[in-house]
Amino acid sequence: MLNANAEAQEQRTINMFQIQGETFDERLTSVAHLISQKKNIVILAGAGISVSCGIPDFRSKDNGLYNNLNYQELGLTCAEDLFDLHAFSEDPRPFWKFVRRNNFASGTIAPSVSHLFLAWLDQQQMLLRIYTQNIDGLEQSAGVNEDRIVYAHGSFTGATCMKCKAKYQSSEIIASHDVEAGVPVCHRRIAKKTKTSHDTAAKKTNSIQIPPERRSSRKRSCTQSSLNHNNFCPPPVEQGCCGGIIKPNITFFGEKLDNTISRRLEKDYKKADALIVMGTSLSVAPMSKLVGFLPDNIPRILINRDIVQVMKSPSQHEKQDEFCLFDACLLGNCDAVTTVIKGKLSNTDTDTKSEEEHIHSGRLVTDENKGTWLKNQSRESVLLFEGALLSAPSTKDAAILPPNVVIFCDHCQNEIKGNIFCCKNCFDFDLCGDCYPKVKLTHADGKHEFDVESIS
């Protein structure tokens, strides 16, 4: 079994990494020493590593995209619909207007210090894989080997015609339209075919073909029609051209993650010797499950502005704490933390002055700044850097399934209403109660075991 192995859990209880030292610098050195011994580090990266590049994260209260987006001006009724597949299919104009106005996919955004740190780990042959939830492609721009990157939610570097599946470069599309231009459409020449009554009827309809709704990591917060439009009509194209709407190669809410992501993660399971979680709230499934999926006996390090936690599956917390705890929490701006860590790992290519400033500003958790957010995480495991937040949500807000999560059966593709039967060996394979009795016998030749979770 890959996951929920009782022996591995017991081993982790015994060998759980303990930060050594009394001072901030001694404990930081202890964390750096742990990292230096690893050669197959898995990174789970979120929007926090790109904030210093001018790209906002999604959910922070101060500068988060969802809290600052003028969605009404774009013609939406809620900010979340900006990246919703159904909303895009009904009318892609709000999305493309936002993309052009905010310089996304232009190729002109420089990677951050955090991105460069990831590239440095790759150069030192310490990196196994980066599972990034970001769509900006800055990991590759920083110099990380393309084979080391898994774009969990796709990438803005490419785009695809929703009709003929022709491939495009997003930068080429952006450059060919001004800010207020309409929706990019496919100009690929298509072979002539005999017209049918179905073709004629389709030609009279100017709306986009809406793909079937698939597995979603969350439910749309807007249940009403999200668009203020009058029967969107795609821009005209020359006769003989496709004319399909072009969609960037990113995973919208409402789309299933590429199966290759799960397969890759299941292979990396066997090699991973450490996990570093960087700049993410761990609030979007299924990638939030990665923390609990990897082997119990490898160290987990968090680099984030605040402490984040995900609840373990039932089989994982039978004899353990109910949350996936981190062996070390380096709280602060990702760039500040990675600057210091790189300096500790290597004396070359490091801004010594900047490193010393960050170390000087670092501090330990005391009784005055402890707070309820350290209820499950030991204070010895937490180091505070510039930008650290001491008001993270309490553990009562953490859950396996946030209120807006929708889970679909991987066999029948229907939404699961009752119990969820989760494969303990696969990263993200769920069955409904109707499909489970039959599919469990054929899935992986019946060798995999399942957990049962309920939707409250």
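No value in this document is a laboratory result; all are computed from the given coordinates. Note that this is a predicted model, so its numbers are computed, not measured. So basically every Cβ, Gly included, is an ideal-geometry build from the backbone, and we count neighbours across all protein chains shown.
Quick check: from the Cα gyration tensor, does segment 24-92 come out rounded (a/c under 1.5), prolate or oblate? Prolate is the answer for segment 24-92, as a/c is 1.5 or above and a/b outweighs b/c. Put simply, when 300-306, 49-55, 17-23 are sorted by average Cβ atoms within 10 angstrom per residue, most first, you get 300-306, 49-55, 17-23.
Using the Cβ-Cβ distance between N231 and Q124 with R0 set to 60 Å, the FRET efficiency from 1/(1 + (r/R0)^6) comes to roughly 0.60. Computed from backbone phi with θ = phi - 60° and the Karplus coefficients 6.51, -1.76 and 1.60, the 3J(HN,Hα) list for segment 287-292 is 5, 5, 6, 4, 4, x Hz; x is used for glycine and proline. With a simple spin-label model that places each label point 7 Å from the Cα along the Cα-to-Cβ direction, the separation between K417 and D434 comes to 0.9 nm.
Site pair Q18 and A110 shows an inter-label distance of 4.5 nm when each label is modelled 7 Å from Cα along Cα→Cβ.
Segment 86-157 has equivalent-ellipsoid semi-axes of 28, 14, 7 Å, by the square roots of 5 times the alpha carbon gyration tensor eigenvalues, sorted largest first.
Estimate the FRET efficiency between Q72 and R189 by the formula 1/(1 + (r/R0)^6), using the beta-carbon distance for r and 45 Å for R0, to the nearest 0.05. Efficiency, from the Cβ-Cβ distance: 0.70. Length gained on full extension, N102 to K167, computed as 0.36 nm times the residue gap minus the Cα-Cα distance: 21.1 nm.
Distance between the pseudo-spin-label points of A32 and K270 (7 Å out from Cα toward the beta carbon): 3.5 nm.
R0 = 56 Å: FRET efficiency of E238 with N145, Cβ-based, nearest 0.05? Working shown, then result.
Numbers: r = 41 Å, r/R0 = 0.73.
After rounding, the FRET efficiency stands at 0.85.
Sort the following peptides by mean Cβ neighbour count (other Cβ atoms within 10 Å, averaged over residues), highest first: 253-262, 77-86.
Working: 253-262: 17.2, 77-86: 20.6.
The packing order, highest mean first, is 77-86, 253-262.
Among 378-384, 246-252, sorting by the average number of other beta carbon atoms lying within 10 angstrom of each residue, highest first, gives 246-252, 378-384. Overall shape of segment 24-141 was characterised from the C-alpha gyration tensor. The equivalent ellipsoid obtained from it has semi-axes of 35, 15, 13 Å, in decreasing order.
Report the gain in length on full extension from N40 to N63: 0.36 nm times residue separation, minus Cα-Cα distance, nm rounded to one decimal. Don't skip to the answer; put the middle values down first.
Values: separation 23, 0.36 × 23 = 8.28 nm, distance 3.37 nm.
Result for the pair: 4.9 nm of gain on full extension.
Taking amide H positions as modeled 1.01 Å from N, with prolines and chain starts lacking one, the residues under 5 Å from I130 and 5 or more places away or on another chain are I43, I149, V150. Percent of Cα pairs in segment 53-109 per distance bin of 10 Å, from zero to the largest separation: 23, 52, 24, 0.
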